[in-house]
Amino acid sequence: MRRKREGGQSANSMYGSAGRDSTDRKTSVKIFAAMTMAIIGIALLAGNWSLFWISIKPGFDVEYLLDNGAREGMHVSGRVPYTYDCFASMGDYDDTHVSSYYYALPAAEGMIILNIPPQKQKDMEKLMEETNSYLGGGGWPVSQVPIEGYVTKAQGRLPYLLSQYMLEIGYTQEEIDAMGQPLMIQYDAEKMQKARIYAPVGVILLALEVLLIVIPIVVRKLRDSD
């Protein structure tokens, strides 16, 4: 009887150890999954939150901004009704690959810069031709260019290049100085569309991380306190 009891205790100890190992493995898997989701969620939020926040604001049409003025951080969604020339571009050293084109949009407060990608350049050139035709006595431009983006301050050499262009078309230096630092509409439709998807996914992943880690810990503490 003594030997059987000792054998039974050994078996129970073995089964108890195996159970603890299984529980530890499940806990480790949950912790690893939660940490992975947290890292991915934080990365998605960090890379998309600012654009997501702008994109959920009410969108202002470009013509409204040109007529009533713009503010940094405004969400722009609509069509470009008219445009002046492309006064600058950004590319590599020998301009074999251009990544951005900068157009001058006449506004009530002087000029607003529009930054567009290469795939929109052809449409903007057509609109510019129609604008010049209208200024020469032709009809109102009809080839309006759809965009989505946001308003930011022009940086680097852009204010200087814009001022040189404005001098060329007849503005005085006093008028240019009175404008202050020019604003720019940054075209970013594709990134804003992605931000509207990735930022909520990041929030969901962080919420799942809370469900996997924090809630079980709280429940365990409540049980222990009972």
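Miscellaneous remarks
- Amide H contacts of residue 91 (H built 1.01 Å from N, in plane; Pro and chain starts excluded): 99 sit under 5 Å, all sequence-distant by 5 or more or on other chains.
- Dipole check for the chain: with +1 at the C-beta of Lys and Arg, -1 at the C-beta of Asp and Glu, and the Cα centre as origin, the magnitude is about 2820 Debye.
- What the phi angles of segment 197-202 give under the Karplus curve with 6.51, -1.76 and 1.60, with θ = phi - 60°, is a coupling list of 9, 5, 5, x, 4, x Hz, glycine and proline written as x.
- Ordering 116, 208, 161 by the projection of their Cα atoms onto the charge dipole of the chain, which places +1 on the Cβ of Lys and Arg and -1 on the Cβ of Asp and Glu, puts 208 at the extreme positive end.
- From helices alone, the chain scores -19000 deg cm²/dmol at 222 nm; the rule is -39500 (n - 2.57) for each run of n ≥ 4 DSSP H residues, then divide by the residue total.
- Sites listed here are trypsin sites (Lys or Arg not before Pro) in segment 44-147 whose DSSP assignment is loop and whose Cβ has at most 14 other Cβ atoms within 10 Å: 71.
- Rolling a 1.4 angstrom probe over the protein heavy atoms with all chains in place gives the chain an accessible area of 63 Å² per residue.
- Given a 1.4 Å probe and the protein chains as shown, residue 196 ends up with an accessible area of around 80 Å².
- Of all accessible heavy-atom area on segment 149-226, the percent that carbon and sulfur account for (1.4 Å): 59
- Per DSSP, loop chymotrypsin sites (Phe, Trp or Tyr not before Pro) in segment 87-145 with at most 10 further Cβ within 10 Å: 93
- Relative contact order [Cα under 8 Å, 6+ residues apart], the chain, whole percent: 26
The values are calculated or read from the model by the stated rules, or taken from the named source; none is laboratory data. The structure displayed is predicted, hence computed values, not measured ones. Here Cβ is always computed from backbone atoms with ideal geometry, including for glycine, and neighbour counts include all displayed protein chains. Accessible surface areas use protein heavy atoms only, side chains included; no ligands, DNA or RNA. Shrake-Rupley method; radii C 1.70, N 1.55, O 1.52, S 1.80 Å.
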